[in-house]
1. Can you order the peptides 672-684, 555-567 by their average number of other Cβ atoms within 10 Å per residue, highest first?
2. Give the aspartates and glutamates reachable from LYS609 as a straight Cα distance under 18 Å; neighbours fewer than 8 places away on the same chain don't count.
3. Kindly provide the helix-only [θ] at 222 nm of the chain, computed as the sum of -39,500 (n - 2.57) over DSSP H runs of four or more divided by all residues, to the nearest 500 deg cm²/dmol?
4. For the pair LEU283/ALA17, report the inter-label distance in nm, with labels modelled 7 Å from Cα in the Cβ direction.
5. Out of the chymotrypsin sites (Phe, Trp or Tyr not before Pro) in region 21-93, which ones are loop residues according to DSSP with at most 16 other C-beta atoms within 10 Å?
6. Using a Förster distance of 56 Å, how high is the FRET efficiency between TYR555 and ALA754, based on the Cβ-Cβ distance and rounded to 0.05?
7. Name the residue farthest towards the positive end of the dipole of region 530-574 from the options ALA557, ALA538, THR569, assuming +1 on Cβ of Lys and Arg, -1 on Cβ of Asp and Glu, about the Cα centre.
8. Do the alpha carbons of any pairs in LYS619/LYS691; LYS130/LYS484; LYS345/LYS484; LYS351/LYS663; LYS345/LYS691 sit beyond 32 Å of each other, and which pairs?
Amino acid sequence: MTRAWQALSFLLLAPAAIPLIYIGGVLYPYIAPKTFLLQGSAILALALFAYLALAGQTFFYGRLRALTTWIPALLLIVAYVTSFFGIDFYQSFWGLFARGEGLLTLTAITVFFYLILFSADHVFLERLVKIIAIVAGIVAAVAVLQWITMLFGGKAWFLPPVTGRIGSTFGNAAFLAGYLGMALFVILVVLRDSSGIWRRVYQTAAVLSVFAILFAATRGTILALLLACGVALVVTAWKGEAKTIAPLRRDGSPDISSDEMYRGRTKRGARYGLVALALLAGLFFMFRAELAQSSFEPVRRIASISLSDGTVSSRLFIWSHITGEALRHPLSGYGAEHIDQLFDKIYDPGKILEQWFDRSHNSFLDYLIQYGVFGLALYLVLIGMFAAYALRLYRRDTYIGLLFLLLILTYAAQNFFVFDTPSSLWLLYALFALLIILLREEPASQLSFKHLPHIVPGTIATLIALLIVPAVILPLYANFLLTKGYVYHLIDVNRANAYFERGLALGTYADLEYGYQAYDIYTERQAVQLSGENRIAAYEYALSLLTANFKKYPYDARTATYLGHVIDTAPPEVVVDDSFDQQVLSRAIELSPLRAQAWYMTANISLRKADALPQDDAKKETYYREAIAILEEYVQKEPMLPVPRYILTTLYYKLGNTAIAKKWADEAYLLYTAPDTAAARPAVKYYIAVKDWQHAARFLADLVEDNPSDYDVLYDLAKVTYLAGDPAAALRIVEKLRVENPTILGTDPNFLDAITAYEQSKK
């Protein structure tokens, strides 16, 4: 049993190291491996615990007498009940690779909470916090190295790749900052009693964590830590910080006067800190406009916070509207992992930056949506009881108690702007168990079962351990096969499809994401780069997979929209079923009424029919009018987008109604406040047709900025710029093309002669 006990201790410590995990060769390499390891460790740990408990090993069962210990179990029960009566329990239980959450993950984290509660002694807890501190330091070091390499424009082979802001081994700046914002306080807890080389290690880890959070530029965590810093200074300025153990006089009695002097010094230091913090805040607000233009991203992002900021206004719109939807089912909620269904309902492209969303960027609101008011209440009670236990610890040990109070304050404050990951939620639960253990002494005891045959504990443990096959191994293999198919999707379509079929045959929850990936692969790459039979095979596979998911997940607007887009980009050799396409797009509009793509593709059904007719066929105008009616209906619902107006402009121009075409173009131009290729393409067609070269040049410039390697568009910009009266700018573009793609210049000899003549005239 000694080896089983050691294995259990190892598995209970394993989640502390999971933030380090990043494995290539699978889909979502930053998230999926962490999720599978967390779930697998929980299953194996539960199996070992069952074996040991049934075999007579003693555990700290008496800790369950504290009512607080039942909060995670009650929250899990509420999550299961609300999900059972929610939109789709199957999806709620399994979740998605992309997020790594769902009831299974919540169950695993809750299992870890109780196993730590039953198993941990003070030696285990000391190991736990030290591992958390060391892992956080490594994660922070990776983040800082990423920032340094980005600063110098390089890339290190041993570092995870960076897209956007640094994310270290989390691959996401917000996930990184949220985790380090909590782990920083654990590092400071461990730092106090460390010495020698380990003290320097923890000091370095703390400094690196602060820099990593700063470089990640996640405003929610930075503001939460500033709040925690302010609270710490206020508390210290008010009460001071007593030494843990007062120094002794020669006679062996405690030197109270020395302790009072120390307390006085910390009070003065905290007061100076408050003055400095207030001064910095004043200077920040005084020079906020200048700081908003800073080249240092963290400062720029903090200074740019305002109601007019795109991200802020988008978040506020989501919160206000999604709360209204959540309150339609305040008691039952919608079930785990179904926030995206509410987001689709309230989605407004004129107000929201993100296309698809499965979180509200507010953990408290997420709990309300998923688990109703009871789930939110239990989540708040969990945070409140964490704070209450930290306050009790503060009365025993001022330093450590204050750090845990600041930790839960930071967690609650940052989660008002972001959301939990499995790593941060596990950390919360593990530290909550730690607080309960520190403040409640209970003796170890055995379960009161009668003596069981030796085969029983082993059999039960084996049955529990076998759950790892459907829960972890099969989904992991499905993920691997999906990745293999992705590798071959251009070089061998049939082989890629075979890998996809093998993955789907496993019968896991991966089918929904297989559909998402099939859509992305086909519309972004295969439809553009393949031709002939290969393109048809790719289309038919994406169509069949998304059609199956369309039937299986009738609530998923994303699947319906993606299926409509695949049909809309069908190869010319394929006959499209317009009635089925209409059915698909009607559902997409029903599920997400203001999402533009479904409206555009509905209009395309009529436009496809028009394009199939001879030029002089009278029915062409009828189909154009049908498309116009659809787009005009959408414009009434969503009045802030330039794209549908420019599409209407081109349609009316084709019909010869130039006055109405100009009216729509003028309205669209006023709404075009930021580069948008979807609007720029039809705008360019119209402005070139009416020989409005100045406007055409503006939109072509936006297209070039979006894709500088599109030399056809760049050459068009040169010609239009010349016609707009700026031959010097046109010549600069031609000189660039002479270097990068000289052959394209010969495609328009008249323009080439004109620009060459201008060039000669300037010599």
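Here, each number is a calculation from the coordinates, and none is a lab measurement. Here the structure is a predicted model, which means the values were calculated and not measured. Using ideal geometry, Cβ is built from the backbone for each residue, glycine included, and neighbour counts are taken over all protein chains shown.
1. Packing order, densest peptide first, comes out as 555-567, 672-684.
2. Cα-Cα hits under 18 Å: ASP568, GLU573, ASP577, ASP578, ASP581, ASP617, GLU621, GLU626.
3. After summing the helix terms and dividing by the residues of the chain, the value is -23000 deg cm²/dmol.
4. 4.4
5. Loop-located and lightly packed - PHE85.
6. 0.45
7. Comparing the listed Cα positions along the dipole, ALA557 ranks first.
8. Going by Cα-Cα distance, LYS130/LYS484; LYS345/LYS484; LYS345/LYS691 fall outside the 32 Å limit.
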